[in-house]
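Beneath this line is the structure, given in structure tokens, with notes to follow.
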Amino acid sequence: MKKSSFTAMILGTISGVLFALGMCMALIPAWNALRPGVVFGGVGLLLALVTLLVWRKMEGRAPVRFSGKAVVTVLVGIAGALALGVGMCFCMVWEQMILGICIGLAGIVILLCLIPLTKGIHA
């Protein structure tokens, strides 16, 4: 395994755990930790961005160029992840299984749309 891949794996795991913990802190009312949860989630997102920048620098790649397709791809990814998360909250927190499963499946379908959006459809 290359050093850049190992570094990206470690930093990505830490950022994912921080983000997930922050979202749990913010969304579970019994924890009563909305403000610290938002901070943890923000730190996780910031570390994810740093991970991307560090990995690209270690690989010797050019900085990310923003195009219309890149912005749409990010927005579709955010919408899919939010829909999946909201569906999970409906199931686990608000105990509305049917609606939660439907919203979660819609989020999964939106996330699956990222594959043809990024890779394209070839004959």
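Annotations for the structure displayed:
- Helix 68-92 vs. the chain, principal-axis angle (Cα, 0 to 90°, nearest 10): 30
- Mean separation of Cα pairs under 8 Å and 6 or more residues apart, divided by the residue count, gives the stretch 66-123 a relative contact order of 37 percent.
- Using the Cβ-Cβ distance between I10 and R61 with R0 set to 22 Å, the FRET efficiency works out to roughly 0.70.
- Reachable lysines from K119, criterion Cα separation under 18 angstrom, eight or more residues apart if same chain: K69
- On full extension, the segment bounded by V76 and A106 gains 9.6 nm, given 0.36 nm per residue less the C-alpha separation.
- Rounded if a/c under 1.5, otherwise prolate or oblate - the chain, Cα gyration tensor axes: oblate
- For the chain, the longest principal axis of the alpha carbon atoms and the long axis of helix 34-59 meet at an angle near 20°.
- Computed E for A30/I115 - FRET, C-beta separation, R0 25 angstrom, nearest 0.05: 0.10
- Of the trypsin sites (Lys or Arg not before Pro) in the stretch 1-92, the ones in a loop by DSSP (not H, G, I, E or B) with at most 13 other beta carbons within 10 Å are K2, R61, R65.
- Cut-off 12 Å between beta-carbons: net charge of the residues surrounding W55, Lys and Arg +1, Asp and Glu -1: +4
- The C-alpha atoms of the stretch 1-64 occupy a region whose extents along the principal axes are 45, 23, 11 Å, arranged from largest to smallest.
- For the stretch 34-103 versus the stretch 1-33, the gap between their alpha-carbon centres in whole angstrom: 11
Every read-out reported here was derived from the displayed coordinates using simple, explicitly stated rules and does not represent laboratory data. Quantities reported herein were computed from a predicted structural model and do not represent experimental measurements. Glycine also receives a Cβ, built like all others from the backbone with ideal geometry; neighbour counts cover every protein chain displayed.
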